[in-house]
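Input: a single structure, listed below in structure tokens.
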């Protein structure tokens, strides 16, 4: 991408009065160069069946041309018009809790023939209308696509057809899914039960995987269509989002993001996070690293907050800090949701760059100031490319597996994943996120959290990684079940006992105070514990428990030229960091002497120089000692020498450029 994209979602359709010229003038004067339009406005584009009105689209494109603003056009298929729901009620999904009622977005049955017919018509009408416009640089397919958990008879029949192709022998199907339990086995495909009633977690997980495939195929279908109109230099993207707590959090359970990203030219993501005292940069970093994993390349932040929800109002300086955080993660564009604060409906308090009075206030001023500052060094700072030596293996089906077969109320897959990721982040150990098909060999350390579902081929790949010199750190509930979540019937972890020189056949949840010791660190065990048996020389920690004290909690062994470390329980952050520190020493991976709230992120620029971002995510003035070769401070235009102290103001940063990466 030639220019760094900086802008916002813009909706002429939502404005309380005509101010489009004023808005685009403010965009231009503020240094914003891109708007994202159309993805949410099907009802104004097609107010009645087959009647199209391009008034708002044309107004925005005309204003963009006048002020030289780039435009990303979204296909408006995730929120349907009311006439469509009224005339074709089967387009609305049937969810496990009942028939969806019109109003909210993402409630559509993605396999409904009428829905697909209307989608194709509006996509072709819109894209053919805009594709020749000189300001249009790309297309966003749909918006944070979901399957709405559809369980309509039509969708279930398509699922059944795929199951029949996968398992031509019905008896093999019964065996693989263990359907004899509670008399759930079937002797005829005509007797296939409604998925809503199944007590078989394997079968329900297969249905969830099918729904992820439905989303992937829906976006692939849109990509094929848009590619018919796309001009040279234009791109196709999608705004992938994350699981949600009170903000973006973990791997999304309802979409195969890696599989879907194959049909995009560039990855897009939507990232929302705490601000104010709660700003720590973790969601921005995790979002960036996940985005990079999808196509092994840079990404666009298609949505992030300006003012955001109540409680997210950024402190002065934080918008600047957040923007640089995205750049440090490899972003080549940042677009805010949205330009103006909404005056009606459900997202009225999700505030944009302009507040409800639509005047250029403090948020506008800080972002404008940032883009002016950034422009002075943008050629040195983008695109950032990373070469990390630590990776975390993530897996959608293992996420589903732990949803279907939960181990405790407090431990789900994304919690386990994010605890590990967040500890690495706080220790300033950058990592990649990888998946089962990816090449593992470049990494010194591979961390595998709760790989609940894996087949023999997956395990053989992990064994080969260790044998060839890699250092594998695997947690509890790994190598536990196969692709259909059938639990392996040998000693756990499956096919790993020999290289771990350890194994278990019993597990429990701590019923009283249980602790382990890693080096000098005392750590509490909560939520889960596997009772590992191993030889003394392979045990790093025993349980301190009145009954289970003879069992190991952590084991470590050598295999080939590498090592395997296995954590059989959930422990607190201090214990996890102590384990990572010990393993890093074995793998000869240096750890910076400073840690959160000072965060170090970096990568190589297009000139091959190493760019390091030192962030201060706190309200305190911080200082640390720099150890390494001479570097240049870009923002303050001065050199920093070995042994010199670096001081950073609250919610501020320092950016250095050097010929190579330094551990500090």
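Residues in region 478-494 that are within 24 Å of residue 544 (Cβ to Cβ) and part of a loop (DSSP other than H, G, I, E, B): 478, 493.
Is region 240-257 home to any residue that is crowded, with 20+ Cβ neighbours inside 10 Å and part of a helix (DSSP H, G or I)? Yes, because at least one residue in region 240-257 is crowded, with 20+ Cβ neighbours inside 10 Å and part of a helix (DSSP H, G or I).
Mind telling me which of the residues 601, 588 ends up being surrounded by 19 or more Cβ atoms within 10 Å (Cβ to Cβ) and either in contact with a helix residue (DSSP H, G or I) (Cβ under 6 Å, 6 or more places away or on another chain) or in a loop (DSSP other than H, G, I, E, B) (or both)? Show your work before the answer.
Values: 588 fails: surrounded by 19 or more Cβ atoms within 10 Å (Cβ to Cβ).
Result: 601 is the single residue among 601, 588 that is surrounded by 19 or more Cβ atoms within 10 Å (Cβ to Cβ) and either in contact with a helix residue (DSSP H, G or I) (Cβ under 6 Å, 6 or more places away or on another chain) or in a loop (DSSP other than H, G, I, E, B) (or both).
Anything in region 495-513 that is assigned to a loop (DSSP other than H, G, I, E, B), surrounded by 18 or more Cβ atoms within 10 Å (Cβ to Cβ) and over 33 Å from the mean Cα position of the chain (by Cα)? List them, or say none. 501 - this is the single residue of region 495-513 that is assigned to a loop (DSSP other than H, G, I, E, B), surrounded by 18 or more Cβ atoms within 10 Å (Cβ to Cβ) and over 33 Å from the mean Cα position of the chain (by Cα). Hey, does region 379-391 have a residue that's under 19 Å from residue 241 (Cα atoms) and not in a loop (DSSP other than H, G, I, E, B)? No, region 379-391 has no match at all. Kindly check whether there is at least one residue in region 92-109 that is in contact (Cβ under 8 Å) with a residue 12 or more places away in the chain, assigned to a helix (DSSP H, G or I), buried (at least 21 other Cβ atoms within 10 Å of the Cβ) and out of contact with any strand residue (DSSP E or B) (no Cβ under 6 Å at 6 or more places or on another chain). The answer is no, given that none of the residues of region 92-109 is in contact (Cβ under 8 Å) with a residue 12 or more places away in the chain, assigned to a helix (DSSP H, G or I), buried (at least 21 other Cβ atoms within 10 Å of the Cβ) and out of contact with any strand residue (DSSP E or B) (no Cβ under 6 Å at 6 or more places or on another chain). Scanning region 533-549 for residues that are more than 14 Å from residue 508 (Cβ to Cβ) and not in a strand (DSSP E or B) yields a count of 4.
Name the single residue, out of those in region 424-446 being under 17 Å from the mean Cα position of the chain (by Cα) and outside any loop (DSSP other than H, G, I, E, B), that is farthest from residue 325 (Cα to Cα). Here the answer is 434.
The C-beta contact set for region 564-579 (first residue at positive phi and in contact (Cβ under 8 Å) with a residue 24 or more places away in the chain, second residue assigned to a helix (DSSP H, G or I) and surrounded by fewer than 24 Cβ atoms within 10 Å (Cβ to Cβ), distance under 9 angstrom, 6+ apart or interchain) is empty. Within region 629-664, the set of residues being more than 33 Å from the chain's Cα centre (by Cα) and part of a loop (DSSP other than H, G, I, E, B) comprises 629, 630, 636, 637, 641, 642, 643, 644. For region 113-143, the set of residues classified as buried (at least 20 other Cβ atoms within 10 Å of the Cβ) and within 29 Å of residue 97 (Cα to Cα) consists of 115, 118, 119, 141, 142, 143, listed by residue number.
Quick note: the coordinates plus some simple rules give every number you see, no bench work behind them. Treat the numbers as computed from the prediction; the structure is a model and nothing was measured. Virtual Cβ from ideal backbone geometry, glycine too; neighbours counted across all protein chains shown.
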